[in-house]
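**Student:** Encoded as structure tokens, here's the structure I'll be asking about.
The values are calculated or read from the model by the stated rules, or taken from the named source; none is laboratory data. Given the structure is predicted, the values throughout are model-derived calculations rather than measurements. We place every Cβ from the backbone using ideal geometry, glycine too, and count neighbours over all the protein chains shown.
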Amino acid sequence: MSWQRIRVRDWGGPEVLQIEQLDDLPSPGPGEALVRVRAAGVGYTDTIVRRGKYIDYKDGLPVTPGYDLAGEVVALGPDTQGPAPGTPVCDMPMYGSYSKYVIRPAQDLVPVPSGVVAADAVQVPLMLMTAYQMLTREVDFPKGSWVLVVGASGSVGRALVKLAVERGLKVVGTASARNLGAVEELGATAIDYERPDLVKTIRAASGGGVLAAFDAIGGVSWKTSWKALRRSGKLVGYGLQGYLESGAGSLNAISSFARLLAIYPLLGKLSGKSTSFYNILQRRWKLPEEYREDAVAVLDLLASGTIAPDPVEVLPLSAAPEAHRRIAAGGLEARLVLDPGA
Ligand SMILES: NC(=O)c1ccc[n+]([C@@H]2O[C@H](COP(=O)([O-])OP(=O)(O)OC[C@H]3O[C@@H](n4cnc5c(N)ncnc54)[C@H](OP(=O)(O)O)[C@@H]3O)[C@@H](O)[C@H]2O)c1
């Protein structure tokens, strides 16, 4: 039985995403499940893996990218407890989802409730979970508090805005000028991140400053977010996209982290402000049961219609290079999803 996956043999541009044809289905071992992938999310993080710049990926080449997936269990390995064959599931393998079949630890698979299709369920393991855990595990503020979502037009940014609004928080979201309308539609006050008076504008829009800022850009952006906080506010960093895209040396990233995790907390002793860095992988490795519990809660929010999934554009596996080019170009109005069986 012939099937396909994407294989990267050299780090590089989207052209390194090449189709590989395979003949035999892999067999799950003890503790494992064979999963048929129905939807593999395509996101910014996959483009960092493809370039060989993803700090948490250490397995080298060749690699099949694909951070998150939704599909169904085909078979369980011998003596394995897990969702029965046929059960729809989702998971966050970090890499490997651009493939019609994957082998996964059975205990990592989270069952997807009926009514949630694969292209929507795949928005949970990384995008919605990152947003949900930052809002519920990193900060704890009363309803009506103002929060800042930097990059509110992006995948995680949109998830943050939707979940924050659902939790009764008030949101200021930054985006490029072309995406301001989309951010407003989600219920946030949208501000162009290229404004010269950004700190002042955010503080004015939030009645004197925000109680939390979520920022994956880093560097100058973390400085802006820090200044936009009111007393006892918290800056939650979760990425260094600005550093990765500028091509700056790693010293730049180290000094950015030092400011976030050492210098700002020192300054915060006076103002009561604090910081943290959120990493979904490390948190899941440490607290797998908490990840599962939160994923079930987020899937329920989707199943009940409490939050709406982002619009989706489904593409075949062969369109992976095009999908990565479109992610890099920005301005997408839908989440890109690969259907490896299409
Ligand atoms: N730590 C974790 O656990 C974790 C988990 C998931 C993702 N991440 C990280 O989160 C980041 C975002 O991922 P994503 O998939 O949401 O990416 P994405 O969809 O590409 O979104 C990026 C967002 O950043 C905005 N942006 C670009 N330059 C900016 C600037 N100078 N100032 C403010 N905003 C700017 C973009 O706005 P426009 O498009 O309007 O320009 C867009 O809203 C990545 O770095 C990713 O690695 C971390």
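**Student:** For F141, are the conditions met, namely being aromatic (F, W, Y) and either part of a loop (DSSP other than H, G, I, E, B) or more than 13 Å from the ligand (Cβ to nearest atom) (or both)? Spell out the reasoning first.
**Tutor:** On the way: aromatic (F, W, Y): yes; either part of a loop (DSSP other than H, G, I, E, B) or more than 13 Å from the ligand (Cβ to nearest atom) (or both): yes.
Here the answer is yes, as F141 does meet what is asked.
**Student:** Here are some residues: L315, L281. Which one is in a helix (DSSP H, G or I) and surrounded by 12 or more Cβ atoms within 10 Å (Cβ to Cβ)?
**Tutor:** Details: L315 fails: in a helix (DSSP H, G or I).
Going through L315, L281 in turn, just one is in a helix (DSSP H, G or I) and surrounded by 12 or more Cβ atoms within 10 Å (Cβ to Cβ): L281.
**Student:** For the stretch 61-87, give me each residue that is closer than 15 Å to Q107 by Cα, in a loop (DSSP other than H, G, I, E, B) and within 25 Å of the chain's Cα centre (by Cα).
**Tutor:** P83, T87 - these are the residues of the stretch 61-87 that are closer than 15 Å to Q107 by Cα, in a loop (DSSP other than H, G, I, E, B) and within 25 Å of the chain's Cα centre (by Cα).
**Student:** Please specify each residue of the stretch 113-129 satisfying the condition of being of a type outside the set (S, T, N, Q), within 16 Å of the ligand (Cβ to nearest atom) and assigned to a loop (DSSP other than H, G, I, E, B). Don't jump to the end; show me each part of the working.
**Tutor:** Initially, the stretch 113-129 is screened for residues of a type outside the set (S, T, N, Q), giving 113, 115-122, 124-129.
Those left that are additionally within 16 Å of the ligand (Cβ to nearest atom): 122, 124-129.
Of everything in the stretch 113-129, just one residue is of a type outside the set (S, T, N, Q), within 16 Å of the ligand (Cβ to nearest atom) and assigned to a loop (DSSP other than H, G, I, E, B), namely V122.
**Student:** Which is within 8 Å of the ligand (Cβ to nearest atom) and of a type outside the set (A, V, I, L, M, F, W, C), of G233, G242, G187?
**Tutor:** Working: G233 fails: within 8 Å of the ligand (Cβ to nearest atom); G187 fails: within 8 Å of the ligand (Cβ to nearest atom).
So the residue among G233, G242, G187 that is within 8 Å of the ligand (Cβ to nearest atom) and of a type outside the set (A, V, I, L, M, F, W, C) is G242.
**Student:** Restricting to the stretch 118-141, name every residue that is modelled with pLDDT of 95 or more and not aliphatic (A, V, I, L, M).
**Tutor:** The answer is D120, Q123, P125, T130, Y132, Q133, T136, R137, E138.
**Student:** Something else now. Among the candidates R104, R50, which residue alone is within 16 Å of the ligand (Cβ to nearest atom), farther than 26 Å from A308 by Cβ, touching a residue at least 40 places away in the same chain (Cβ under 8 Å) and crowded, with 21+ Cβ neighbours inside 10 Å?
**Tutor:** Numbers: R104 fails: within 16 Å of the ligand (Cβ to nearest atom).
None of the other options fit; the residue is R50.
**Student:** For D300, which of the numbered conditions (1) outside any strand (DSSP E or B); (2) in contact with a helix residue (DSSP H, G or I) (Cβ under 6 Å, 6 or more places away or on another chain) fails to hold?
**Tutor:** Unmet for D300, out of (1) outside any strand (DSSP E or B); (2) in contact with a helix residue (DSSP H, G or I) (Cβ under 6 Å, 6 or more places away or on another chain): (2).
**Student:** Every residue in the stretch 212-230 that is surrounded by 21 or more Cβ atoms within 10 Å (Cβ to Cβ) and either of a type in the set (A, V, I, L, M, F, W, C) or more than 9 Å from the ligand (Cβ to nearest atom) (or both), please.
**Tutor:** Keep residues of the stretch 212-230 that are surrounded by 21 or more Cβ atoms within 10 Å (Cβ to Cβ), which gives 212-218, 221-222, 225-226, 228-229.
The answer is A212, A213, F214, A216, I217, W222, S225, W226, A228, L229.
**Student:** As an exercise: evaluate V110 against (1) at pLDDT 95 or above; (2) within 16 Å of the ligand (Cβ to nearest atom); (3) β-branched (V, I, T) and give the number of the one condition it does not meet.
**Tutor:** (2)
**Student:** Could you tell me whether A258 is surrounded by 16 or more Cβ atoms within 10 Å (Cβ to Cβ) and within 21 Å of A216 (Cβ to Cβ)? Walk me through it before giving the result.
**Tutor:** Working: surrounded by 16 or more Cβ atoms within 10 Å (Cβ to Cβ): no; within 21 Å of A216 (Cβ to Cβ): yes.
In short, no.
**Student:** Does any residue in the stretch 287-300 that is on the phi > 0 side of the Ramachandran plot come within less than 9 Å, Cβ to Cβ, of a residue that is at pLDDT 95 or above and surrounded by fewer than 13 Cβ atoms within 10 Å (Cβ to Cβ) six or more places away or on a different chain, and which pairs are these?
**Tutor:** none
Each row is one residue, and each column tells you yes or no for (1) part of a helix (DSSP H, G or I); (2) of a type outside the set (D, E); (3) touching a strand residue (DSSP E or B) at 6+ places or on another chain (Cβ under 9 Å).
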| residue | (1), (2), (3) |
| --- | --- |
| E290 | yes, no, no |
| E322 | yes, no, yes |
| A328 | yes, yes, no |
| E333 | no, no, yes |
| V337 | no, yes, yes |
| G341 | no, yes, yes |
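**Student:** Does the stretch 152-165 contain any residue that is more than 14 Å from the ligand (Cβ to nearest atom) and not basic (K, R)?
**Tutor:** Restricting attention to the stretch 152-165, the residues satisfying the condition of being more than 14 Å from the ligand (Cβ to nearest atom) are 164-165.
If we keep only those that are not basic (K, R) too, we end up with 164-165.
Yes, that holds for at least one residue.
**Student:** A follow-up question, please. Go through (1) surrounded by 15 or more Cβ atoms within 10 Å (Cβ to Cβ); (2) within 16 Å of the ligand (Cβ to nearest atom); (3) among the aliphatic types (A, V, I, L, M); (4) outside any helix (DSSP H, G or I) one by one and return the number of the condition I55 breaks.
**Tutor:** Here I55 meets the rest and fails (1).
**Student:** I would also like to ask the following. Taking the stretch 97-112, which residues are touching a Lys or Arg at 6+ places or on another chain (Cβ under 8 Å) and in a loop (DSSP other than H, G, I, E, B)?
**Tutor:** Restricting attention to the stretch 97-112, the residues satisfying the condition of being touching a Lys or Arg at 6+ places or on another chain (Cβ under 8 Å) are 98-101, 110.
Y98, K100, listed by residue number.
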